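Here the structure is laid out as structure tokens; the discussion comes afterwards.
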Amino acid sequence: PAALLGNERAARQGHAGAQFSMARYLDGLRPAFKDLPRRAEYLAMATAQHISHFAAIEELGTMYFDGEIPTPDAETRYKEAVRLFKFDIETRSALYSYTQLGRCYLRGLGVPADRGEAERLWRHAVIKNDDEEAAEELQSNGMEVPEYVGD
């Protein structure tokens with residue numbers, strides 16, 4: 001479509017919003033347009049600009065975590081996911097990155113296994129955002145689920 005071409009042109013010219021929009025367009029929700037390598041490329045472009053109000057960092061980290069971006073080995077893949085989740089937490093306190101990073105710590109993926117750190121991250125996501133996935137992780141791992149407090 002013409003709108004897609006205009007968005008792609010703007011993305012290639014460095015417009016972070018267009019880069020993020022292109023990544024979202026290529027995410028696979030519309031199977032005809034699924035292109036994970038190009039999606040990763042656009043997310044990386046937006047992330048490189050340190051656009052903290054976009055979820056580009058979180059989504060790129062999740063792509064590494066899910067194995068959607070080729071890496072030499074699993075350890076490299078998870079270390080990159082961890083680096084991105086930590087960066088996302090530092091730059092915009094992204095709560096889903098807390099949930100994903102907790103999964104890495106529980107399973108020792110890209111970081112040394114640390115059940116206590118996983119619990120701390122998931123508790124934060126529940127307390128601050130009522131994150132259902134974090135609550136499920138806590139519950140399924142025999143950890144107490146705290147009450148949602150909000151900001």
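Of note:
- Just one of the numbered conditions (1) in a loop (DSSP other than H, G, I, E, B); (2) within 23 Å of Glu133 (Cα to Cα); (3) open to solvent by 50 Å² or more (accessible area, probe 1.4 Å) is not true of Asp27: (3).
- Out of Ile57, Ile69, Ile89, one residue alone is β-branched (Val, Ile, Thr), surrounded by 14 or more Cβ atoms within 10 Å (Cβ to Cβ), outside any helix (DSSP H, G or I) and under 14 Å from the mean Cα position of the chain (by Cα). It is Ile69.
- Pairs where the first residue, in the range 1-20, is open to solvent by 40 Å² or more (accessible area, probe 1.4 Å) and the second is at pLDDT 85 or above, C-beta under 7 Å, 6+ apart: Asn7/Ala18; Asn7/Ser21; Asn7/Met22; Glu8/Met22
- Contact annotation: residue pairs with Cβ atoms under 6 Å, 6 or more positions apart or on different chains, pairing a residue in the range 70-81 that is closer than 18 Å to Ser97 by Cα and acidic (Asp, Glu) with a partner that is assigned to a helix (DSSP H, G or I) and open to solvent by less than 60 Å² (accessible area, probe 1.4 Å), are Glu80/Tyr64.
- Near pairs, Cβ below 6 angstrom, 6+ apart or cross-chain, from the range 129-148 (within 16 Å of Tyr98 (Cα to Cα) and without any contact (Cβ under 8 Å) to a residue 40 or more places away in the chain) to any residue that is assigned to a helix (DSSP H, G or I) and open to solvent by 70 Å² or more (accessible area, probe 1.4 Å): Val145/Gln139; Pro146/Arg123
- Flag for Tyr42 being under 27 Å from Trp122 (Cα atoms), buried (at least 18 other Cβ atoms within 10 Å of the Cβ) and touching a residue at least 24 places away in the same chain (Cβ under 8 Å): no
- Any chance Tyr96 is touching a Leu at 6+ places or on another chain (Cβ under 7 Å), open to solvent by 10 Å² or more (accessible area, probe 1.4 Å) and touching a residue at least 24 places away in the same chain (Cβ under 8 Å): no
- Number of positions in the range 109-151 that are under 19 Å from the mean Cα position of the chain (by Cα) and either among the β-branched types (Val, Ile, Thr) or surrounded by 13 or more Cβ atoms within 10 Å (Cβ to Cβ) (or both): 22
The values are calculated or read from the model by the stated rules, or taken from the named source; none is laboratory data. Keep in mind it's a predicted model, so treat the numbers as computed, not measured. We place every Cβ from the backbone using ideal geometry, glycine too, and count neighbours over all the protein chains shown. Side chains are part of the model used for accessible areas, which takes the heavy atoms of the whole protein and leaves out ligands, DNA and RNA. Shrake-Rupley method; radii C 1.70, N 1.55, O 1.52, S 1.80 Å.
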